[in-house]
1. For VAL163, state whether it is touching a helix residue (DSSP H, G or I) at 6+ places or on another chain (Cβ under 8 Å) and more than 21 Å from HIS8 (Cβ to Cβ).
2. Here is a list: VAL22, VAL40, VAL49. Which entry is touching a helix residue (DSSP H, G or I) at 6+ places or on another chain (Cβ under 8 Å) and either of a type outside the set (Gly, Ala, Ser) or farther than 18 Å from LYS67 by Cβ (or both)?
3. So, of the residues in the range 1-36 that are aliphatic (A, V, I, L, M) and under 15 Å from TYR86 (Cα atoms), which turns out to be surrounded by the most Cβ atoms within 10 Å (Cβ to Cβ)?
4. Spot the failing condition for GLN114; the list is (1) assigned to a loop (DSSP other than H, G, I, E, B); (2) assigned by TED's automatic domain parsing to the domain that holds PRO31; (3) surrounded by fewer than 17 Cβ atoms within 10 Å (Cβ to Cβ), and only one is missed.
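The values are calculated or read from the model by the stated rules, or taken from the named source; none is laboratory data. On a predicted model such as this, the values are computed, not experimentally measured, just so you know. Counting neighbours? That spans all protein chains shown, and the Cβs are built from the backbone with ideal geometry, glycine included.
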Amino acid sequence: MNIDACYHLGYIVRTHGVKGQVVAFFDVDYPEDYEELESVFLQLSGKLVPFFIDALDIQPNGRIIIKFEDVDSIVEAEKLKNIALYLPLDQLPELDEDQFYFHEVIGYTVVDEQLGELGTIREIYEMPYQDLMAMDYQGVEVLIPVQDELILRADKAAQKLFVNLPEGLVDIYTNPTGPEADEDRDSDEEEKDAV
């Protein structure tokens, strides 16, 4: 399986017990959607390797305890710590019409309500407290917070992402010194001319 045809589901955190079980973290909103999961791909040595699931138990605290086929000891399970878990893209749960997955909007044109067409989404940074979309704007990376009040809708047919960016957000990236620095620079030049 090619990694480009898959999405990142989560990763294995640690071992659990002595019979080969592991604790996994699924980076999803609804882990219960995956209760019937029969297999996953683990990224081992740069390749995706299928692992079949004997048992999967979603804990109330969000932990997921998994017992893989042919992983029967803590020694074998220890080798899987911190390994990424993947599933094929065709297994993504269906979304409402106004929702999108991050990987879907890569390459979309960003259209702001006030500024019009701005640039193209190049990457998504999934951060602990705030996910960010990286937009290429005139050769400069502009980070857009992923928030409902800023991201209005995605037009999948036109490959456009409609946004309502806070005033000055783009300016922070295109003029990092700010207007005050421009004024200071102008006054310094005037002083040099006077001497």
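1. no
2. VAL22
3. Our first condition is that a residue be aliphatic (A, V, I, L, M); within the range 1-36, this holds for 1, 3, 5, 9, 12-13, 18, 22-24, 28.
Those left that are additionally under 15 Å from TYR86 (Cα atoms): 1, 3, 5, 9, 12-13, 24, 28.
On the way: MET1: 13, ILE3: 14, ALA5: 11, LEU9: 21, ILE12: 22, VAL13: 14, ALA24: 24, VAL28: 14.
The qualifying residue surrounded by the most Cβ atoms within 10 Å (Cβ to Cβ) is ALA24.
4. Just one mismatch for GLN114, condition (2).
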